[in-house]
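*Asks:* Pasting in a structure now, in structure tokens, and then I'll have a few things to ask.
The values are calculated or read from the model by the stated rules, or taken from the named source; none is laboratory data. None of these values were measured; they are calculated from a predicted model. Cβ placement follows ideal geometry from the backbone for every residue including glycine, while neighbour counts extend to all protein chains displayed. Only protein heavy atoms, including side chains, enter the accessible area calculation; ligands, DNA and RNA are left aside. Shrake-Rupley method; radii C 1.70, N 1.55, O 1.52, S 1.80 Å.
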Amino acid sequence: MNPHQFDIDTLTHTAKEIRGDILRMLEKAGSGHTAGPLGMADIFTALYFNILNHSPEDPLWEERDRVVLSNGHICPVLYSTLARAGYFDLEELKTLRAFGSRLQGHPNRLDLPGIETSAASLGQGLSISVGMALAARLDDEDHKIYALMSDGELQEGSSWEAANAASKWQLDNLIAIVDRNNIQIDGQTEDIFPIEPVRDKFEAFNWTVLEINGNDMAHILQVIESALEMKGQPVCIIAHTTPGKGVSFMEDKHEWHGIAPNRMELMEGLAELGLEEVAY
Amino acid sequence: MKLAPNLFTNPEMKATRAGFGEGMTALGEADENIVALCADLSGSLKLGDFISKWPDRFFQSGVAEQNMVNMAVGLALSGKIPFATSFGVFMPMRTLDQIRISVCYNNANVKLAASHTGISVGPDGATHQALEDIAVMRVLPKMKVIVPADANETKKATISAAKISGPVYLRFGRQNAPVYTTEDTPFEIGKINRLRDGKDVAIVACGVMVYESLLAAEELSKNGIEASVLNCHTIKPIDAETLIEVAKECGAVVTAEEHQKIGGMGSAVAEVLVESENVPMELIGIEDRFGESGESGELMEKYGLTSANIVKSVRKILKRK
């Protein structure tokens, strides 16, 4: 059971707080990725505060659902979500990327509770998730594996090796959520190295494919809940998100993929979100 | 030294990879958390018995090594003890990124077992002769690297690898080779096995070159030169204590391995000795080049991986003492 069970209003409010954390963390750190974390804040909130069976007091509880973040560079959203869910103190968010911090520039499983795998090099998380799903099946355990991926990492051939493996073993305890925000560091995915038709590709690999507006809380909950009921195939949820969501001058701008806001941009962002204009 | 009495007469011939298959069967019986993965080479890796006994615990991963290594990571992070297997040229060589980030940085309890390493792979030629894998694996933090000397030792190494926590790389050969260690021959990860005592020179070897070193020592002995022979099956963590001890005792060290000289076991030995007991060294290995097709014996001869070449190196180093 989810320990929080927030309703939609509380989830929406929490996602906004998480966006504020992300902006403050990145401004304080002076480097990092901004657009992706802001875009994925709603999905992370929905998972940790409503959907996941997990236990912040006992991060390695065997029956927990697993969230494998494959594109580790969006870790500010993971760190903020974990802190707000109770895995560690919110104060620690101020140490993102700093010397001696447990909040490494890209996630390190051995440093921080709640991290299922160290990650950053793209195209690896789905394979790890397949291994976890196989282990769960072998042990006759009911927990689910959520593989959170970027759209850009579908350019890695290894992502498709993993997609093939998941369908070979018909892993219906595996749900991949692809952040289809259309941007990568150098520009728009379809200009850089086209990945469409994503839906057709996953269907051709014998996955069930669902699509959501990844910034619509009600829609996120409804579709993930329906995915949990599906049997016989792995499920891919293509989450159409707006990179930089919530801060107008960052939205849909690939330039914001890999940079952090300065103090002025932070304050503008917080104002737009309706949050207290205070830096870390 | 507890070696087979028929060591130099008519030893049984068996590939090290066969010992791996036996080790996996023993492990499979002992611990249900042991699982195996293979990238379309399960026959070559001698996994047939494991697969027939525990089909649910074998994951045929197809020709997709990168995915296989990371599936092993996912299994390990869920409490399994996975052995991911292939030919050395495909894994670890193709899958370095997966091994670096997901296996080692995660400190995942993944065992990587590679067969068909070294020049003795033979007719398949250069593409299939992994000569760089020791160097590439031993440079990774948290990785342990083991190159067993014969089939019996391979079985022991396989079982021992499962008993320690964290990443291990195991390296095997394709071709039949003398079996001369016995049930009673000691094997401990990280501990050099001293097979012969001599005061004039120490020969440090791994894999099939250990037997060549024993042959070389016999030959040298006929001419009044007494060599110590050390089976350095664990290249990482290397047994620095024993290396320093024999370097002090013998005053000269020859190393021999079926791998590039650059970055291999000889380099690992040199890294230890240069900081402590800086004696003259000669390194025998592949001289910064690719292999080629040919029969195993022909290639070992051409590339100097023979007892005769070890004898030659010993004579050379004795002049530098």
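*Asks:* Taking a probe of 1.4 Å, how large is the accessible area per residue of the range B:12-179, in Å²?
*Replies:* With all protein chains present, the range B:12-179 gives 29 Å² per residue.
*Asks:* Further question on the same structure: Helix-derived [θ] at 222 nm for the protein assembly as shown: sum -39500 (n - 2.57) over DSSP H runs of at least 4, divide by residue count, nearest 500?
*Replies:* Rounded to the nearest 500, it is -10500 deg cm²/dmol.
*Asks:* Kindly sort B:174, A:64, B:100 by accessible area of their heavy atoms, largest first, with the probe set to 1.4 Å.
*Replies:* Most to least solvent-accessible, the answer reads B:100, B:174, A:64.
*Asks:* Here is a further query. How long, wide and thick is the range A:83-185, going by the Cα atoms along their three principal axes, in whole angstroms, largest first?
*Replies:* 43, 36, 20
*Asks:* Sorted from largest down, give the three principal axis spans of the alpha carbons of the range B:12-179, whole angstrom values.
*Replies:* In descending order, the Cα extents are 39, 32, 27 Å.
*Asks:* Residues in the range B:71-86, backbone N under 14 Å from the label point at residue B:139 (7 Å along the Cα-to-beta-carbon vector): list them, ranges by number please.
*Replies:* None, by backbone N distance to the label point.
*Asks:* Relative contact order (percent) for the range A:134-221, with alpha-carbon contacts under 8 angstrom and 6 or more residues of separation?
*Replies:* For the range A:134-221, the relative contact order is 28 percent.
*Asks:* Determine the residues within the range B:62-79 where the difference in accessible area between the chain on its own and the full set of protein chains amounts to at least 50 Å²; count protein heavy atoms only and use a 1.4 Å probe.
*Replies:* Residues passing the criterion (a loss of at least 50 Å², heavy atoms only) are B:67, B:70, B:71, B:77, B:78.
*Asks:* Using a 1.4 angstrom probe, figure out how much accessible area the range A:8-273 has per residue, in square angstrom, rounded to the nearest whole.
*Replies:* Heavy-atom SASA per residue in the range A:8-273 reads 36 Å².
*Asks:* Right, something else. Compute for chains B and A the buried accessible surface, both sides summed, probe 1.4 Å, and express it in Å² to the nearest 100.
*Replies:* That pair hides around 2100 Å² of surface in total.
*Asks:* Report, in degrees rounded to the nearest 10, the 0 to 90 angle that the Cα long axis of helix B:151-163 makes with the longest principal axis of chain B.
*Replies:* Computed tilt is about 50 degrees.
*Asks:* I'd like to know how chain B sits against the 2.2 N^0.38 Å rule of thumb: what's its Cα Rg over that expected value?
*Replies:* 0.95
*Asks:* On to the next question. Excluding same-chain pairs closer than 8 in sequence, count the lysine pairs in the range B:145-277 whose Cα atoms lie under 14 Å apart.
*Replies:* Close lysine pairs found across the range B:145-277: 4.
*Asks:* If you don't mind, there's one more thing I want to ask. Can you quote the Å³ per residue value for the convex hull of the Cα atoms in the protein assembly as shown, rounded to an integer?
*Replies:* 154
*Asks:* For the range B:193-315, what is the accessible area per residue in Å² when the probe is 1.4 Å?
*Replies:* Using a 1.4 Å probe on heavy atoms only, each residue of the range B:193-315 averages 38 Å².
*Asks:* Output the antiparallel fraction of DSSP beta bridges having both residues in chain B, as a percent to the nearest 5.
*Replies:* Taking every DSSP beta bridge with both residues in chain B, the antiparallel ones total about 20 percent.
*Asks:* So which residue, out of A:181, A:215, A:50, gets the largest mean-square fluctuation from a GNM of chain A using Cα contacts under 10 Å as springs?
*Replies:* Evaluated over chain A, the most mobile residue of the options is A:50.
*Asks:* With all protein chains present, how much of the accessible area of the range B:176-299 (probe radius 1.4 Å) comes from carbon and sulfur, to the nearest whole percent?
*Replies:* Result for the range B:176-299: 47 percent of the exposed heavy-atom area is carbon or sulfur.
*Asks:* If you roll a 1.4 angstrom probe over the protein chains with everything in place, what fraction of the accessible area of the range A:16-148 belongs to carbon and sulfur, to the nearest %?
*Replies:* Taking all protein chains in place, the range A:16-148 shows 43 percent carbon and sulfur surface.
*Asks:* If Lys and Arg each add +1 and Asp and Glu each add -1, what is the summed charge of the other residues whose beta carbon sits under 12 Å from the beta carbon of residue A:14?
*Replies:* Net charge in that neighbourhood comes out at -2.
*Asks:* Helix A:8-29 sits at what angle to the longest principal axis of chain A, using alpha carbons and giving 0 to 90 degrees rounded to 10?
*Replies:* 60
*Asks:* Continuing with this model, one more query. Note the angle between two axes, namely the Cα long axis of helix A:35-46 and the longest principal axis of the Cα atoms of chain A, as a number of degrees from 0 to 90, rounded to the nearest 10.
*Replies:* The two axes meet at around 60 degrees.
*Asks:* Net charge near residue B:265, counting Lys/Arg +1 and Asp/Glu -1 over other residues with Cβ under 14 Å of its Cβ?
*Replies:* It works out to a net charge of -3.
*Asks:* Output the antiparallel fraction of DSSP beta bridges having both residues in the range A:8-273, as a percent to the nearest 5.
*Replies:* Around 10 percent antiparallel, to the nearest 5.
*Asks:* Once you've got the GNM for chain B with C-alpha springs shorter than 10 Å, pick whichever of B:84, B:30, B:270 has the biggest mean-square fluctuation.
*Replies:* B:30
*Asks:* Using Stokes-Einstein with the Kirkwood hydrodynamic radius over Cα pairs, what translational diffusion coefficient do you get for the range A:37-141 at 37 °C and a viscosity of 0.692 mPa s, in µm²/s rounded to a whole number?
*Replies:* In µm²/s, the coefficient rounds to 230.
*Asks:* Here's a follow-up. Return the loop-located GluC sites (Glu not before Pro) in the range A:1-109 (DSSP other than H, G, I, E, B) with at most 13 other Cβ atoms within 10 Å of their own Cβ; answer none if there are none.
*Replies:* Taking the range A:1-109 and a limit of 13 other Cβ atoms within 10 Å, the loop GluC sites (Glu not before Pro) found are A:57, A:62, A:63.
*Asks:* Distance in nm between label sites at residue A:58 and residue A:111, each 7 Å beyond Cα in the beta-carbon direction?
*Replies:* 2.8
*Asks:* Next up: Within the protein assembly as shown, what percent of beta bridges assigned by DSSP are antiparallel, to the nearest 5?
*Replies:* That works out to approximately 15 percent antiparallel.
*Asks:* Across chain A, how many lysine pairs separated by 8 or more positions, or lying on different chains, have Cα atoms within less than 22 Å?
*Replies:* 14
*Asks:* Report, largest value first, the span of the C-alpha coordinates of chain A along each principal axis, in whole Å.
*Replies:* Result, largest extent first: 50, 45, 36 Å.
*Asks:* When chain A is modelled as a GNM with alpha-carbon springs shorter than 10 Å, which of A:240, A:106, A:13 fluctuates the most?
*Replies:* Maximum fluctuation in the GNM of chain A, among the listed residues, is at A:13.
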